[in-house]
Every structure is written in C-alpha cells, then in structure tokens.
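Everything on this sheet refers to the single structure shown next.
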Amino acid sequence: MTIQPLNQPLEKPLLEAVCETREELPDELRELAIGTEQEVRWVSECLCMNDG
Amino acid sequence: MWVSNYNIYIPLHEKAHYLLVHGYTGAVDCVDAELVRALQECFAKHFNASTLNLPPDVYRLLEKRGYLTELSPEEEIAFVGRLARKIHALQFERTEFWIIPSYNCQLRCKYCFERSVQKRGENRGWLTQKMSTELVDAAFAVISTLQGKDANTRITLYGGEPLLPANRKIVQYIVEQGISLGYRFNAFSNGVDVNLYEDMLGPGRIEQLHITIDGPQSTHDRLRVYKNGKGTFDRITRNIQLALSHEVRVSLRVNVTWDVLACLDELAQLVQQLGWDENPNLRIHCHAIHSNQEYQRAASNSSIRKLEPYVANVLCGDQVSCIDNAKVAWFIYKTGLHERGLGGLWSADLYMASLVDKLLTGKPGCALSAISCGSHGGFYIFDPFGDIYPCDRLVGNPQHRIGVFAPQLGWAENKQIWHERTVYNIPTCQQCQFALYCAGGCAQQALLTSSDLYSPYCADYAQRFETSMLVKYLSTNRCANSAL
C-alpha cells in the first residue's frame, strides 16, 4: 500500500486554531484557510472573473 | 481512530491508482487502489481504523493528512459545522460591491438570463431608467458602512450593459466619486460601446473589463446580436484592442456550445493574429453556456460530424446536446488543445480550476468555503431603483432584494435568509465530503429547481471537481500521465 503526498494541507493544530480561537485570526492564518481573493475569486461563480 | 467521512476518491486511469483528496484539510495524495479499497470498506462497515492493518508509516501519514481522524463520525460532522461557522465569519469580511447604472442593454443575445427582467422593463416603461447622482451618493455612503476588513477595493459596474452610450454621464459620476473615495473599477461589459468610455479606461480608473464573446465571428454573430439581428464581433474585438492599448486588463470569456467548440480553431487563429496570446493583460477562458438558459444547446449536424471522433470517445455516449463545464474541460484535455497555450484559450471551468490550482500549487493552505458564493457573505449589488440585491442572477426581481439604500438604508427579512444560507444550515450538506468546497451550491439554481433557497444544488459538482483535479494532475505530472 502506497501513499504519495502531492501538497501541503492544513494540519490539525492549524485547523483547531481556525475553529476554536475567539480572537481575530491573523491574516496569514485566514489566507491559509480560505485562500486569498486573487487565488479563489469566489464572489460569483457564474460570472467568475479571471483575476489571475 | 476512524476513517474520515470527508475523504474524496478520484480514480485515475483503469483505477490502479487514485487521487485521494480531503474535504477540510485540503490534502491531495496519489494512492494505490488497494489502500482505497481498505479505507472504503473500513468506512462502510463502521470499523475502527486500527483494524486496517496498514504499515505504520502509511497509517501515520493518513492520520497526519486528515484521512484518519480520532473524531467519531458524529464528532467529525460537528467539528465541520464549527469550522464552517468560523469560515463564514471570515468570508463576511471579504466585502464586494457592484453598481448597476441601468438595466438597459443594446443587445439581444439569444440566451440572456436577464431578458425576462428587460421585457418587464420595456412593458412597464422603466428599462431606460438610470441611476441618479443622489442614488450614487447614497450607494457610496452605504458602501462605507458595510466595508469589511478584507474588502475588495475595486467596485464593479454591472447591468444590463453598464457602458451604454446613454449611461456615460452617470458612469463618469460614479467613477469620479469612487476614485475620490479610494476605489478603482471593474466592468462587466458586452464591449460594444467601450470606445465611448476611452477617457475612463486605464489603471486607477476602469482598470479591468470582463467581456464575453461567443466563439469566432461565424458563431458569435449568430448569438450576440443587436435588436435588429446584426452581429457585434468586429466592434467588440476592436474595442478589446482599444482597452488593451490603455493597459486595461481584459478577462475574456468565450461562451461555449458544441457548435462554438467545433470551430474554436478559427478563434485561435485570430487570437494569434492579434497578438492576444502574448499580451499579459488579456486572460481568456472557455465557459459552457449556463444549464438553466433556455437557449437550445444542441449541436448542429455539421458540428457533430466535426466533433464525432472526439465526442464518441470523450463523452462515452453521452448526449451531445448536454454541454457543461466538466465536459468542456475534459474535451479540451483529451484532444490535447490545452497544450497549445494561446493565452489560456484552451482552459475551461475557471471557477473550479482556481480551486484545484489552490489545492495543487504546492503552497500550503486550502480554499475552504462555508458559502457557495458571495451572495451569502459580503456581496452587495446596488441598482438604479435604490434596491440592494445579493445575487447577480436575480437583479431586477424585487422579491429577491435584501434591502434598499435610498432614501435611507433599510434591510428586508430576505437579508437574513440569504446571509444564513450556509453549509451548516443545509442539513443534507453537512455530511457531504464536498461540504467545505461546494458549500451548498448555487442558491439561484436551488430556487429554480426546487423553489427552496435552503435546498442544496449539487448538479454536476462532484464530476466537475473530479475532472478539474484530473486535468490539473495529468497536465502537470508528465510521469504519471505517461505511466497511466
């Protein structure tokens, strides 16, 4: 049985920090969780703009 | 330890290997079929993961990347609910504002989703109503109160057609007021009269245009037409050139039907001839005509003949008439068109591609979402009647407005209804492995298909996700591609 990692995911401590913290998340953590606006232009799928 | 409920298994060629993707850690791994069978069986039988009898290093890696979890199935679903709430709060800070100067448009495209609104406007005499300067001031005053910490500083002009000749004066006022407040502008335009706005184009002003063409001239001039049926291809391409000369970034969408796809080579030649493939300010991509549009999407006989060598194999006997983004993306990949570059002309399903890019770029992190789009977050559209809408597909339908911004700001009950349509408020979504990627699907489509905003709209999400993952993985991993 083989497993070959292809990326760097959100690991457990990071996910728990996103999930449990009551304080404002630092920008870096926020971008790790939801991506930057340039990476994922989520505002409207049907009129998705290529902001690249 | 348990097998996670949020594992996504995507078979590679002949199912000897799989892409294993995780629904909330964002992990992506290439695994063999034996491991997939073991994980799926363990999950289906509700066995503890300790029964899997895996090599210790594989077990540890599966746990580290989220495919095995110490949370019980019920605890894991509850955890995803908590995570979704937190993510939703973050997404509310990402505000985005659009302004509609008027609902009018000089074109009568065969498939326009706003046609019913425009017909109503024609019949009742309000189609030509433009936003007043007082409404513009009121919109900017409300925008300043709604700004989130992660706000987009570009305001988007939308319609109808925002850059109509008749709108020039009010658009100039919007742009000047916006610039004085620190904003820059995008516009969704058909491109037909962009030349009349030349003085407003460029960095710091209207700096990005989203323009759509319907393939090369032969198909475009049948679909994107004036009221008198005359085609618009020459005028639009001329204006794209003009915009590029002012350093405007142009996002060019090619609406695709099977007929358009069959003659995209013609467009490719033009793209090269005009030098668009080498212009860094022009981005181009294909997009299947939206599934709810009434326009007949069936291919003509000549297109079927041209596509037949590919359609038969690529679409596995599927009906040619049923085109969607997953099929377009797979078709382009299987026919090798994606390798021809041409400024991205041969890329499709941009929205899904951006998610997959984020997962497979090698940078750490994910792109989790608790909402299917900004309609349930910080996205507000201001129209020429003083109404605020949450969704670009539903503008002009007052039953869907979430508030009014003039003469003073007032919110309707609809605001809460739209803003609370999150993945954690749609019970059937919470257990889905795509929960934090799809997040319930398009609300407007849910309304159309089930009349219930809070029903999920899954459509072909899983297929699109899998196709985009495969195309990205196989395109960038030559070894895997040749081995498979």
- request: Name the residue, out of B:Ile381, B:Ile417, B:Ile388, that is away from every other protein chain (no Cβ under 14 Å), within 18 Å of B:Thr156 (Cα to Cα) and either part of a strand (DSSP E or B) or free of Cβ contacts under 8 Å to residues at least 60 places away in the same chain (or both).
  value: B:Ile388
task: Kindly establish whether B:Leu164 is within 16 Å of B:Gly386 (Cα to Cα) and at pLDDT 90 or above.
output: no
- request: Please work out if B:Ala312 is in a helix (DSSP H, G or I), at pLDDT 75 or above and either under 30 Å from B:Gln118 (Cβ atoms) or of a type in the set (A, V, I, L, M) (or both).
  value: no
- request: Mind listing just one residue for me: the one in segment B:251-294 that is in a loop (DSSP other than H, G, I, E, B) and modelled with pLDDT of 90 or more and, of those, nearest to the chain's Cα centre (by Cα)?
  value: B:Asn281
task: Residues being out of contact with any Pro (no Cβ under 8 Å at 6 or more places or on another chain) and either crowded, with 17+ Cβ neighbours inside 10 Å or under 30 Å from B:Leu223 (Cα atoms) (or both): count how many of those fall in segment B:173-183.
output: 3
Some residue of segment B:84-102 being in contact with a Lys or Arg (Cβ under 7 Å, 6 or more places away or on another chain), over 30 Å from A:Leu32 (Cα atoms), surrounded by 15 or more Cβ atoms within 10 Å (Cβ to Cβ) and in contact (Cβ under 8 Å) with a residue 40 or more places away in the chain: yes
message: So B:Cys42 passes all but one of these: (1) surrounded by fewer than 14 Cβ atoms within 10 Å (Cβ to Cβ); (2) away from chain A (no Cβ under 12 Å). Which condition number does it fail?
response: (1)
- request: Can you work out which of the residues in segment B:350-362 that are out of contact with any Phe, Trp or Tyr (no Cβ under 8 Å at 6 or more places or on another chain) and more than 7 Å from every other protein chain (Cβ to nearest Cβ) is surrounded by the fewest Cβ atoms within 10 Å (Cβ to Cβ)?
  value: B:Thr361
- line: Residue count, segment B:353-371, condition in contact with an Asp or Glu (Cβ under 7 Å, 6 or more places away or on another chain) and either at pLDDT 90 or above or charged (D, E, K, R) (or both), comes to 1
statement: Note on B:Cys438: of the conditions (1) at pLDDT below 90; (2) of a type outside the set (D, E, K, R); (3) under 21 Å from B:Cys373 (Cα atoms), unmet is (1)
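Yes/no matrix, rows are residues, columns are (1) more than 30 Å from B:Ile179 (Cα to Cα); (2) surrounded by 18 or more Cβ atoms within 10 Å (Cβ to Cβ):
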residue	(1), (2)
B:Tyr197	no, yes
B:Gln208	no, yes
B:Ile213	no, yes
B:Leu244	no, yes
B:Arg253	no, yes
B:Asp259	yes, yes
B:Ala268	yes, yes
B:Asp277	yes, no
B:Pro280	no, no
message: Looking at (1) away from chain A (no Cβ under 13 Å); (2) within 22 Å of the chain's Cα centre (by Cα), which one does B:Phe97 not meet, given that it meets all the others?
response: (1)
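Filter the helices (runs of 4 or more DSSP H) completely within segment B:127-233 down to those with at least 2 residues that are touching a Leu at 6+ places or on another chain (Cβ under 8 Å).
In segment B:127-233, the matching helices (runs of 4 or more DSSP H) lie at B:133-146, B:168-180.
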message: So B:Gly81 ticks every box in (1) among the small types (Gly, Ala, Ser); (2) crowded, with 16+ Cβ neighbours inside 10 Å; (3) in contact with a strand residue (DSSP E or B) (Cβ under 9 Å, 6 or more places away or on another chain) but one. Which box is left unticked?
response: (3)
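Go through segment B:3-35 and report how many residues are within 24 Å of B:Trp330 (Cα to Cα), outside any strand (DSSP E or B) and more than 9 Å from chain A (Cβ to nearest Cβ).
Qualifying residue count, segment B:3-35: 7.
The values are calculated or read from the model by the stated rules, or taken from the named source; none is laboratory data. Everything numeric here is computed off the predicted structure, so don't read it as measured data. Cβ sites come from the backbone with ideal geometry, for glycine too, and all protein chains shown count toward neighbours.
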